[in-house]
Every structure is written in C-alpha cells, then in structure tokens.
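A.B. asks: Right, I'll just put the structure down here and ask away after.
The values are calculated or read from the model by the stated rules, or taken from the named source; none is laboratory data. Because the structure is a prediction, the values reported are computed rather than measured. As a convention, Cβ positions derive from the backbone with ideal geometry for all residues, glycine included, and neighbour counts pool all protein chains shown.
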C-alpha cells in the first residue's frame, strides 16, 4: 500500500498505525491530524511506535498552534 505522496514507509500493527516513517540516519515517525487540537489519546500509536523503535523524535502535523514536548519514560 502506498500513500498519495508515494511514501515508502508507514507502520501498522493491530489497531495501531503511524502515517509515515522517515528513515535516514534515524527513524522519525510522522502523524497527520486534520484538526486544530490534538489530544493525548490521538497520539497513542505514535508513542507506542516511538517506544518500540526507540525513536528520539516524532513529528505531528495538524492545523493548530506549534508546540513541542519531550517524551518521558
């Protein structure tokens, strides 16, 4: 399965899914949301992926204000 932008990588396991995975020198999961506010529960798959693959960064694209946070645990 390929995306509209021909992304070669995405991740899905059971009900968990990450929209895109950038693979260069490191693995960076990317989640896209068509909303102005992202809730914690909306990022559960991104957090799961990050822990599973030890991703140090993640990107969330959405229509709201720019913000950043650090993952704990």
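A.B. asks: Suppose the filter is at negative phi, in contact with a helix residue (DSSP H, G or I) (Cβ under 7 Å, 6 or more places away or on another chain) and either modelled with pLDDT of 90 or more or surrounded by 10 or more Cβ atoms within 10 Å (Cβ to Cβ) (or both); does residue 55 pass it?
C.D. replies: Taking the combined requirement at face value, the residue satisfies it.
A.B. asks: Out of (1) over 20 Å from residue 9 (Cα atoms); (2) under 9 Å from the mean Cα position of the chain (by Cα), what's the single condition that is false for residue 59?
C.D. replies: Evaluating residue 59 over (1) over 20 Å from residue 9 (Cα atoms); (2) under 9 Å from the mean Cα position of the chain (by Cα) leaves (1) as the failure.
Yes/no per residue for (1) modelled with pLDDT of 90 or more; (2) closer than 15 Å to residue 58 by Cα; (3) in a loop (DSSP other than H, G, I, E, B); (4) touching a helix residue (DSSP H, G or I) at 6+ places or on another chain (Cβ under 9 Å):
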| site | (1), (2), (3), (4) |
| --- | --- |
| 3 | no, no, yes, no |
| 8 | no, no, yes, no |
| 22 | no, yes, no, no |
| 25 | no, yes, yes, no |
